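Values quoted throughout were computed directly from the atomic coordinates according to the rules given, and no laboratory measurement underlies them. The structure presented is a predicted model; accordingly, all values stated were derived computationally and were not measured. A quick note on method: Cβ atoms are made from the backbone with ideal geometry, for glycine too, and the neighbour counts reach across all protein chains shown.
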Amino acid sequence: MQLEVLLGPQNMGKIKKKDGKKSDKLTVEAAEDAGSKLSPVSVTPSEEHAPPSIKDGDDEPVTQEEPPVLVPASELYEEPILAQLIVEKYEGELVNGLYEGEGVAYYKDGNIYRGLFSEGLMHGKGMYTWADGLIYEGEFFMNFPMGDGVYTWPDGSRYEGQVYKAIRHGTGVHLSIDQQVSYVGEWCMGKRHGKGTIYYNAEGTSWYEGEWIHNRKEGWGVQRFPSGNIYEGQWKADRFHGEGRMRWLSSNEEYLGQWENGIQNGLGTHTWFLKRVSGSQYSLRNEYIGIFVNGSRHGQGQYYYANGAMYDGQWKNNKKHGTGKFIFKNGRIYIGEFVEDQIAEYPNFKYDRVNTPDLSGIRTQSPICGERSTPNSGIPSLLGSYIELDIASLLNTFPEDERYEEQKQVEYGILRNLTTLRKAYKLYSSLGNENCFDNAFLMTKLQFWRFLKDCKFHHHDLTLCDMDRLLADNSDPEEIHSPYATMLIRTFLTNVIYLAHHIARADSPDKKLSLVDCFSRMMTQNISPHAGTIKGHLFSDAQKTEHTMSYIDKCWDIYKTYCRRNTSAPYEPTMTMRHFIWMMRDLKVLNNVLSVTKIVDIMAEDNPRVRDGNEINVELELTFLEFLEALIGCAVVYVTDELLQESGRELQEEQGPNTATDGSASADSTNTRPGLSSPRKSGSWTEEKELIITMKMNERSSPRLRFHPQRKPQKRIVTDRWYRQVDVFFQKVFFPAYDKVEQLKEEIPRNRVRQAEQARLQQIQEEEEARLKALRAEEEAKRMEQMELEKAAAMLEAAQVSDEQAEDSGQDPAIAKEEAPVPPSTASTKATPATGRKKKK
């Protein structure tokens, strides 16, 4: 909506010069009424769009939907109108009969303006008070509130921000009547439009942060409800629409998938987290992956029960209906028709998520004939299906008649140390995961690196990067050194066996050590005495770990930027100490305090291969863990007390008394949007398979959520010196320097394009100037030729005139020419007729 102020011929401030003459009026042309009102800011913060609970008999617990909590909307206000008022009185300065400078104008209807005038118009800082109590204080431009200003309504509601022609437009903050609801973000012609955050209560526990279009949530956004439940995903017309994730924290449920008009519709995954047994690492859950129609399981889908049973088949209105396959917890399989959630042939047969009796007497199928318990080696495992080892490639290095004994002995060795290994796996997989949503810990490559370094695996003739390549097993080269890669406990044990075999054989002159001897040596010398003694800058303190994890995503992006492709197979990107030092130099982080020598000392604290006497191995490869811990060590050295004091002063200036709320948010936390997971494949159910598929789902949806789960970003003043040093280094020094370098890199091709365009334009200009010069030369030549022709014509005409004069005088033209070789002058030419006339007289 636009407002146009039409001023009278003498402007609003002209003084009356004749009796009976009224002051000029200000008229306003307003747009349609719909656009001339301030839309209500308070929006119902209840979960009115939350999907309905899904019931299925005894399949899963019933979820009670919370009733909506209605919040009264704030009163609608029409946009303030400044004109259609008559100035009754003015107090202030006058220049040439016009209001100028500071003054006060009183209007007929009781409105008052106090502030600056310019040429009879409200222009500059001022305050306009309506008769009903509405106040605007801020900048005016040519009679319009325009710029930065504050609206205060009589009921206490308030807007502070940018204004365009008396309308909220730009960036601003709106507070509701009772100060409970507040909106911070972008406005467009009086409506919430763009990116913004709305808080539904004064405590800030219920909020929406995301995109808006004409006062409606539309685009990508995150909303936290009063119950603590969180939705993150796409919106349309204030409803969940598109891809999104809903977490019912109160009932321990989660849905990840497609939505339509606020209802689950399309492919998705709904998970019911049941419980977590004390002392256990994994939580139990029921989970459905498949098609939803209007919030119900309808179509093809798979349901995984917490006790290990699984159904894969057709669904209708939340019930198993049609052809399907049911795998019982004992491994038996039934394939057939289901009607109304029951087996068609046995309608009275009951089963639920807790009790699944054996159907061998009815109709079941056994597992596929010839199925092996250990698919890689074909040798029965002593450890059972829970921790099957994948060591087939190692066993193939032994004679065929020794392979069974080798596997059996190494499994005996694992069983003897299984308690220690489980304890280590559980400890390291929990590092940095204190706020994990479902409390199910799965070891990542980042945590595995820390385990290897604590157990001093890198003290042998192997770097962590060498170990990654050794365990890669035809992995994607881009993912070989990824800190987000996960591993189950059996993969963890397999990796330990591979590394033990390689290290022990390399260190021992006897190259024929058995697998159990290699494993036992590593357990005795490395794992047992050192596992659990966490070192390094990242994981040694739980609180510091949680704080530092907020920077891990940006650091990973920077690490990948400065990696170089390995010259040997598998040609994966890696970083060396040389690259790290060059990076710090390019970012201009090196100084007298943080020198190259100091960086080498930081890296040598946890790696004996960095320095050998006076020699430094700058070609030593760094994993992301070593890269991140080196940055943390650099932060503690770089940020001195003087830098902390300077940063503290800047922070106090930023957190002034007028700061209404915190609208900051991490770029990496909303850059990652969850996608849909694909349905699981059928197969016998184990807790391990459930974890595999669940973690793959999480990795595909948002691989970085495991390190810092979604939560409302909040600013906090950190008083501990270490925390402040890390914050200042990353936020004020390292990240801005990287962003500046990347911006310059982006500007280089743009500058080249601009230079090429300027060269092209200059060439065109030179060609045009050359063409114009040639045209001017050609015109000059034509002009000279024309002048020569005109000169010759003039001489010919003069000769003809001379001939005529000679004939008139009676002389022979030839004689006349001889007597008068020089052309006659003008005077003589004029005198000749006069002489003739005189003779006649």
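If the chain linking LEU94 and ALA472 were pulled fully straight, counting 0.36 nm for each residue of separation and taking away their Cα-Cα distance, it would gain 127.7 nm. For GLU102, the residues whose amide H sits under 5 Å from its own are GLU93, PHE117, ignoring neighbours fewer than 5 places away on the same chain, with H placed 1.01 Å from N. For segment 447-604, the pair-distance distribution built from all alpha carbon pairs, in bins 10 Å wide starting at 0, is 9, 31, 37, 19, 4, 0 percent. The peptide list 238-248, 625-635, put in order of mean Cβ contacts within 10 Å with the highest first, becomes 625-635, 238-248.
Over all distinct Cα-Cα pairs of segment 381-535, the Kirkwood formula returns a hydrodynamic radius of 16.1 Å.
Across segment 178-188, coupling constants 3J(HN,Hα) worked out from phi with the 6.51/-1.76/1.60 Karplus curve, θ = phi - 60°, read 8, 6, 7, 9, 9, 10, 10, x, 9, 10, 9 Hz, and Gly and Pro carry x. Provide the net charge surrounding GLN162, with neighbours chosen by a C-beta distance below 10 Å and charges set as Lys +1, Arg +1, Asp -1, Glu -1. Summing Lys/Arg as +1 and Asp/Glu as -1 gives -3. In segment 381-535, taking the dipole from charged Cβ atoms about the Cα centre, the farthest positive-side position among PRO529, SER508, TYR404 is held by PRO529.
Descending by average beta-carbon neighbour count within 10 Å, the peptides 183-192, 119-128 line up as 183-192, 119-128, the highest first.
Net charge near GLU767, counting Lys/Arg +1 and Asp/Glu -1 over other residues with Cβ under 12 Å of its Cβ?
0
Karplus-derived 3J(HN,Hα) values for segment 218-225, using 6.51 cos²θ - 1.76 cosθ + 1.60 with θ = phi - 60°, are 7, x, 9, x, 10, 10, 10, 8 Hz; glycine and proline are entered as x.
Residue-wise HN-Hα couplings along segment 762-775, as the Karplus relation 6.51 cos²θ - 1.76 cosθ + 1.60 with θ = phi - 60° gives them from phi, are 5, 4, 4, 5, 5, 4, 5, 5, 4, 5, 5, 5, 5, 5 Hz; Gly and Pro carry x. Full extension of the chain between THR561 and HIS459 yields a length gain of 33.9 nm, computed as 0.36 nm times the residue separation minus the alpha carbon distance. Highest mean first, the peptides 204-210, 723-729 sorted by other C-beta atoms within 10 Å per residue fall in the order 723-729, 204-210.
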